[in-house]
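What follows is a short report on a single structure.
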Amino acid sequence: LKEFGTAPSQIIAREVRWQRDVWGLLMGLRVPTIAALNGYVLGSGLEIALCCDIRIATEKVQVGLPEASLGFIPAAGGTQTLPRTIGISRSLCMLLGSRNLCSSEALEAGLITEITQHGELIPRCYEIASNLLQFPNLTLEYLKQAVYRGTDFPICKGIVMEDQLATRLFKNKASNQRKAN
């Protein structure tokens, strides 16, 4: 954030940021992603975490998007991912107030999935990842698709898409079973 604010041209700085497109890469992954959050997770750090599916944090975490207090707005998707995660009113309060949330506030708002002790952060993330490995990749992919794409549609269209994905998954599973026999 400091580097962005001191760049000779914020327009060029944003272009460089999007050329790296870490955010788009994260959001485009077909498998679930897990963010491990500790300490101060501010600005682009929080924006990257918001692109992940699961966010595990320590009890000492502080999360925020302080850009407005510096005369900017979040420029890596924060104005889009934050309201989809915690709602419009809470997002505006957080963004306009440039206020950090502690771990319990972030959990209550739905910004993080769970809180763990500092020494347990990485082991807990590995545990979640190990549990996810128990599911077929296509199941995880279709689940993510149903949730993320479905929220862009009216509920009736989302339900139709969900049914199509479930049918496709069932047919794929049946086809694989026939091949195995």
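The values are calculated or read from the model by the stated rules, or taken from the named source; none is laboratory data. Predicted, not measured: the structure shown is a model, and the values here were computed from it. When we count neighbours, we look across all protein chains shown, and the Cβ atoms used for this are built from the backbone with ideal geometry, even at glycine. The protein model used for the area step is the full one, side chains on, heavy atoms only, and it has no ligands, DNA or RNA in it. Shrake-Rupley method; radii C 1.70, N 1.55, O 1.52, S 1.80 Å.
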Exercise. Could you tell me which residue of region 127-144 is nearest to the chain's Cα centre (by Cα), considering only residues that are open to solvent by less than 50 Å² (accessible area, probe 1.4 Å) and in contact (Cβ under 8 Å) with a residue 40 or more places away in the chain?
Key: Lys144
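Between Cys156, Cys93, which is open to solvent by 70 Å² or more (accessible area, probe 1.4 Å), under 22 Å from Leu42 (Cβ atoms), of a type outside the set (D, E, K, R) and assigned to a helix (DSSP H, G or I)?
Cys93
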Quiz item: Can you name the residue in region 20-68 that is of a type in the set (Gly, Ala, Ser), out of contact with any Gly (no Cβ under 9 Å at 6 or more places or on another chain) and touching a residue at least 12 places away in the same chain (Cβ under 8 Å) and, of all such residues, is surrounded by the fewest Cβ atoms within 10 Å (Cβ to Cβ)?
Solution: Gly39
Practice problem: Identify all residues within region 159-168 that are among the hydrophobic types (A, V, I, L, M, F, W, C) and open to solvent by 50 Å² or more (accessible area, probe 1.4 Å); write none if there are none. | Solution: Ile159, Val160, Ala166
Practice problem: Please indicate, with yes or no, whether at least one residue in region 135-145 is within 15 Å of Asp53 (Cα to Cα), part of a loop (DSSP other than H, G, I, E, B) and among the hydroxyl-bearing types (Ser, Thr, Tyr). | Solution: no
Quiz item: Assuming Ile115 fulfils every condition listed in (1) in a helix (DSSP H, G or I); (2) open to solvent by 20 Å² or more (accessible area, probe 1.4 Å) apart from one, which condition is it?
Solution: (1)
